[in-house]
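Here the structure is laid out as structure tokens; the discussion comes afterwards.
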Amino acid sequence: MLSSETCGWCGKAKERRRAFCLNCYLWLPSVMQRGLWRRIGSGFEEAYACAVKWMGQQRALSAAEWGEKA
């Protein structure tokens, strides 16, 4: 994930050693953004999992609002 140049969430290009592309990162609430700056083994994994879960929930809410499949 961190060594990839593709965002694991949206599939667009991202910088290596970043969890997400800039657009996905900026979509997150600031408290989640800060968590992604933690070191691996010191909270990064939990912050990443939380961010992915939040983005999935937001996508589902948006799809439900527009009557689409998530």
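The values are calculated or read from the model by the stated rules, or taken from the named source; none is laboratory data. As the structure is a computational prediction, the values presented were derived from the model and not from experiment. Reconstructed Cβ throughout: ideal geometry from the backbone, glycine too, with neighbour counts over all protein chains shown.
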(request) Can you tell me which residue within region 14-47, out of those that are among the hydrophobic types (A, V, I, L, M, F, W, C) and surrounded by fewer than 10 Cβ atoms within 10 Å (Cβ to Cβ), is farthest from residue 59 (Cα to Cα)? (result) 40
(request) Could you look through region 48-60, keep only residues that are small (Gly, Ala, Ser) and closer than 15 Å to residue 7 by Cα, and pick out the one that is surrounded by the most Cβ atoms within 10 Å (Cβ to Cβ)? (result) 51
(request) Six or more apart or on different chains, Cβ under 6 Å: which pairs go from a residue in region 44-56 that's under 13 Å from residue 19 (Cα atoms) and modelled with pLDDT of 95 or more to one that's small (Gly, Ala, Ser) and surrounded by 15 or more Cβ atoms within 10 Å (Cβ to Cβ)? Could you list them? (result) 47/35; 48/19
